[in-house]
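**Student:** A single structure is presented below for examination.
The values are calculated or read from the model by the stated rules, or taken from the named source; none is laboratory data. Predicted, not measured: the structure shown is a model, and the values here were computed from it. Cβ placement follows ideal geometry from the backbone for every residue including glycine, while neighbour counts extend to all protein chains displayed. Calculation scope for accessible area: heavy atoms of the full protein, side chains included, ligands and nucleic acids excluded. Shrake-Rupley method; radii C 1.70, N 1.55, O 1.52, S 1.80 Å.
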Amino acid sequence: MTMNQQPGKIYRKRVADQILEDLRGQILSGALAHGAKLPSERELAARYGVSGPTIREAIRVLTAMGLVSSRNGSGSTVTAQSDTLIAVSIAAVVQFGKMDGRDVFGLLGVLNAYAVRLAAERATDEEIAHLRETAERTSAANGGSLTAAELKDFFHTLAELSHHPLLISLCRFITQIQIGFAAELSGGNLERVAGALYESRIEIVEALERRDGDRAVELVEQYHRSVIERTRKLPRSEEIAASDPGFSKLLASLLANSVSLGSESGERA
């Protein structure tokens with residue numbers, strides 16, 4: 001059923017759940033597209049033959065899922081995007097499973113290795129040339145310090161070369177968390193973590209230019225181990241690790257912040 005169809009009255013058994021599933025289905029199928037305004041609470045209540053509080057309950061759950069954004073006076077808007085949905089899901093799994101930084105960043109190493117192998121097979125020469133440009137922008141020779149935006153651009157571009165939508169979203173989100181993690185522990189000075197690894201980023205690009213997937217995977221795995229080790233040796237890391245060895249509190253804070261930022265960017269898009 002879409003918004004152009006009359007649903008008829010929904011009866012009492014788990015009414016809010018039925019409405020939730022109907023609206024969720026429309027959003028995920030694209031019948032209610034990103035940026036679309038939901039009908040008003042009064043209109044939805046009339047369409048489904050239920051009370052306002054029942055509609056509000058369904059909308060609250062959709063908002064918690066990251067599928068809609070609700071603001072007083074302006075109604076509800078569909079904000080579903082793959083990156084936002086991935087962020088909400090990963091944050092929930094990490095929190096529920098009581099995972100720590102080692103679990104999450106270990107996964108990123110595996111994901112990036114898979115991404116670079118696919119990139120060696122699927123990326124066009126033009127896409128690899130663009131990756132080289134993003135790598136070259138991470139050089140200290142360009143003046144100024146290495147920024148989070150430059151690192152994110154390189155690794156997000158690398159993930160996109162895999163042409164694997166789910167893998168891209170997973171890599172984008174966890175990369176954002178890892179870079180935020182390094183920035184927090186280095187006092188914002190990412191040169192201390194990744195500045196010296198510029199040549200390693202260039203070597204990854206060169207392996208892709210040769211279409212040498214095995215070497216590219218090896219280089220990505222080495223790079224990932226180096227970042228983890230350099231981050232672990234930061235004074236701030238050692239200080240936090242004394243009371244929170246898995247960095248669980250910092251990870252939880254970064255996850256919550258990333259989910260919030262993802263939802264806000266979904267609203268603006």
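**Student:** Contact list please: Cβ distance under 6 Å, first residue in the range 224-250 and on the phi > 0 side of the Ramachandran plot, second residue buried (at least 18 other Cβ atoms within 10 Å of the Cβ) and assigned to a helix (DSSP H, G or I), pairs at least six apart or on different chains.
**Tutor:** Close Cβ pairs (under 6 Å, with a partner that is buried (at least 18 other Cβ atoms within 10 Å of the Cβ) and assigned to a helix (DSSP H, G or I)) amount to 247/101.
**Student:** Consider the range 152-166. How many of its residues are modelled with pLDDT under 95 and either touching a strand residue (DSSP E or B) at 6+ places or on another chain (Cβ under 7 Å) or under 18 Å from residue 105 (Cα atoms) (or both)?
**Tutor:** Counting residues in the range 152-166 that are modelled with pLDDT under 95 and either touching a strand residue (DSSP E or B) at 6+ places or on another chain (Cβ under 7 Å) or under 18 Å from residue 105 (Cα atoms) (or both) gives 1.
**Student:** Would you point out which residue out of 106, 66, 101, 52 is open to solvent by 30 Å² or more (accessible area, probe 1.4 Å) and not basic (Lys, Arg)?
**Tutor:** Unique residue meeting the criteria: 106.
**Student:** Considering the range 24-50 alone, what residues qualify as being out of contact with any Gly (no Cβ under 8 Å at 6 or more places or on another chain) and on the phi > 0 side of the Ramachandran plot?
**Tutor:** 30, 35
**Student:** So which residues in the range 100-118 are touching a Gly at 6+ places or on another chain (Cβ under 8 Å) and aliphatic (A, V, I, L, M)?
**Tutor:** 116
**Student:** Can you go through 211, 201 and tell me which one is surrounded by 21 or more Cβ atoms within 10 Å (Cβ to Cβ) and either outside any helix (DSSP H, G or I) or of a type outside the set (A, V, I, L, M, F, W, C) (or both)?
**Tutor:** 201
**Student:** Starting from residues that are under 11 Å from residue 105 (Cα atoms) and in contact (Cβ under 8 Å) with a residue 60 or more places away in the chain, keep the ones in the range 177-192 and report whichever is most open to solvent (accessible area, probe 1.4 Å).
**Tutor:** 178
Each row is one residue, and each column tells you yes or no for (1) open to solvent by less than 10 Å² (accessible area, probe 1.4 Å); (2) more than 19 Å from residue 258 (Cβ to Cβ).
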| residue | (1), (2) |
| --- | --- |
| 75 | no, yes |
| 84 | yes, no |
| 116 | yes, yes |
| 135 | yes, yes |
| 140 | no, yes |
| 163 | no, yes |
| 169 | yes, no |
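**Student:** Please work out which residue is surrounded by the fewest Cβ atoms within 10 Å (Cβ to Cβ), limiting yourself to the range 217-261 and to residues that are outside any helix (DSSP H, G or I) and of a type in the set (A, V, I, L, M, F, W, C).
**Tutor:** Here the answer is 242.
**Student:** Let me ask another. Take the conditions closer than 30 Å to residue 76 by Cβ, at pLDDT below 95 and aromatic (Phe, Trp, Tyr) and apply them to residue 173. Does it pass?
**Tutor:** Yes; evaluated as a whole, the condition is true for this residue.
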